[in-house]
Amino acid sequence: MIHNFGAGPCILPQEVFKQASQAVLEFNGTGLSILEISHRTPEFEAVVDETVRLVKELLNVPEGYSVLLLQGGASLQFSMVPMNLLNEGQPAVYTDTGVWASKAIKEAKLFGNVNVIASSKDKNYNFIPKDYQIPKDAAYFHCTSNNTIYGTEMHQLPKSPIPVVCDMSSDILSRVINVADYDLIYAGAQKNMGPAGVTLVIVKDEILGKTDRKIPSMLDYRIHIEGGSMYNTPPVFAIYVSMLNLRWLTSKGGVAEIEKENISKAEALYREIDRNPLFKGTCAVEDRSRMNICFVMEDPELEKSFLKFAEDRDIIGIKGHRSVGGFRASMYNALPITSVHMLIEAMQDFAEKNKF
Ligand SMILES: *Cc1c(COP(=O)(O)O)cnc(C)c1O
């Protein structure tokens, strides 16, 4: 068995892969492959309906919100958000907590005035800034709930007098959230929800339609709401596999149950990082992510050989992002706790071998 700690596209449950491959051969008694069936058939419309329904159930999405399945990744949301929510000359408030946040800031600057209210850039994004006040006179507040590259996560949402927009690409469906605290949530599916190719947007309907800007149809949330995420051909297979994964999550007891597992997995690995004299964490302890766990070695010279040591045990995907170095273990929902134990064991055996 391979232990896949890759940061994304993510590990998905084996049963999801099996069901998905079955549907490539024959989908739901239609005699056709999921890859060739029309997206306008009742069979596929049922897939979109179920995917949206499962997202609503799993996240307890309240009335007044629309759930959209779009394309273009979280990266397109960096522009779609300001295009739909920000008037020219109007300010929007952003926190700069990593590479993804700064890319969101860069795009927003094309559409209005961006006020970066807090940043952890000067500490290589190793913490989540907290001492700031969100002003009343901006169009919205944008934050990134989990910084995939640096391994920090917002464990608390600041109080906001203005609409809250959140990039949840790498921790959506990993923990219980109160959707009503947000006005727009977006996430590329491939970190926790499904395969690459579909992007989840949950938007409070009443925040839309307030800019004077002309918005191209494909970039207008209202058009996609009207079209039920079928304004054009949707990413049929990515949606189907996401639906299978959402079913799996539901059968596991939903987000509250998976959150407990995610806490156990993260605690176990952080305990080892803190205990083992060869390793150390890279982030402020109170801001540590449960999804992406970053750590380095006290002696960087040993990093190459630990990477090889782990790979020989089929532990893959733990090389850190180049901007942090060291290691990053991504532990999305489908990563079994046995994989975490294998990594911990490798760290212990490596320390033993290096006589600690
Ligand atoms: C991966 C990631 C993105 C980029 O997602 P794409 O779907 O590749 O555009 C944006 N934000 C965060 C937090 C991410 O982890």
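Readers should treat all values here as calculations from the given coordinates under stated rules, not as data from a laboratory. Source: prediction; values computed, not measured. Quick reminder, even Gly has a Cβ in these numbers, built from the backbone with ideal geometry, and neighbours come from all protein chains shown.
Using the Cα gyration tensor of region 172-250, with a ≥ b ≥ c the square roots of its eigenvalues, what is the shape: rounded (a/c below 1.5), prolate (a/b larger than b/c) or oblate (neither)? Oblate. Highest mean first, the peptides 277-285, 35-43, 213-221 sorted by other C-beta atoms within 10 Å per residue fall in the order 277-285, 213-221, 35-43.
Residues of region 246-287 falling in the label zone of Val176, defined by backbone nitrogen less than 11 Å from a point 7 Å along Cα to beta-carbon, are 255-260. Fully extending the segment from Leu157 to Thr233, taken as 0.36 nm per residue of separation minus the present Cα-Cα distance, adds 23.8 nm.
In terms of the Cα gyration tensor, with a ≥ b ≥ c the square roots of its eigenvalues, is the chain rounded because a/c is under 1.5, prolate because a/b exceeds b/c, or oblate? Oblate, since a/c reaches 1.5 and b/c is not below a/b.
For region 1-139, the Cβ-based charge dipole about the Cα centre amounts to some 580 debye (Lys, Arg positive; Asp, Glu negative; other atoms uncharged). For region 111-156, taking Cα atoms only, Rg and Dmax work out to 11.7, 31 Å respectively.
Ordering Ile225, Ile293, Ile315 from the fewest to the most neighbouring beta carbons within 10 Å gives Ile225, Ile315, Ile293.
Note on the chain: with a GNM built from Cα contacts shorter than 10 Å, the maximum mean-square fluctuation among Gly320, Gly31, Gly73 falls on Gly31. Assuming charge only on the beta carbon of Lys and Arg (+1) and of Asp and Glu (-1), the dipole of region 88-127 about its Cα centre is about 120 debye to the nearest 20. Note on the chain: helix-only mean residue ellipticity at 222 nm, from DSSP H runs of 4+ residues weighted -39500 (n - 2.57) and normalised by residue number, equals -11000 deg cm²/dmol.
For Ile316 and Glu286, the FRET efficiency from 1/(1 + (r/R0)^6), where r spans their Cβ atoms and R0 equals 35 Å, is about 0.75.
Counting only complete DSSP H runs, which helices of the chain cover 27 Å or more along their long axis at the Cα atoms and score a mean Kyte-Doolittle of -1.0 or above?
254-275
Relative to one another, the C-alpha centroids of region 91-164 and region 281-297 are positioned 19 Å apart.
Taking a ≥ b ≥ c as the square roots of the eigenvalues of the Cα gyration tensor, region 286-340 is oblate, since a/c reaches 1.5 or more and a/b is not larger than b/c. With distances taken between every two different alpha-carbon atoms, region 70-116 has a Kirkwood hydrodynamic radius of 10.6 Å.
Remark: the chain carries a charge dipole of roughly 540 debye about the Cα centre, counting +1 on each Lys and Arg Cβ and -1 on each Asp and Glu Cβ. On the basis of the beta-carbon distance and an R0 of 22 Å, Glu298 and Arg271 show a calculated FRET efficiency of 0.80. With 20 Å as the limit on Cα-Cα distance, the pairs of Lys103/Lys304; Lys103/Lys136; Lys136/Lys210 that go past it are Lys103/Lys304; Lys103/Lys136.
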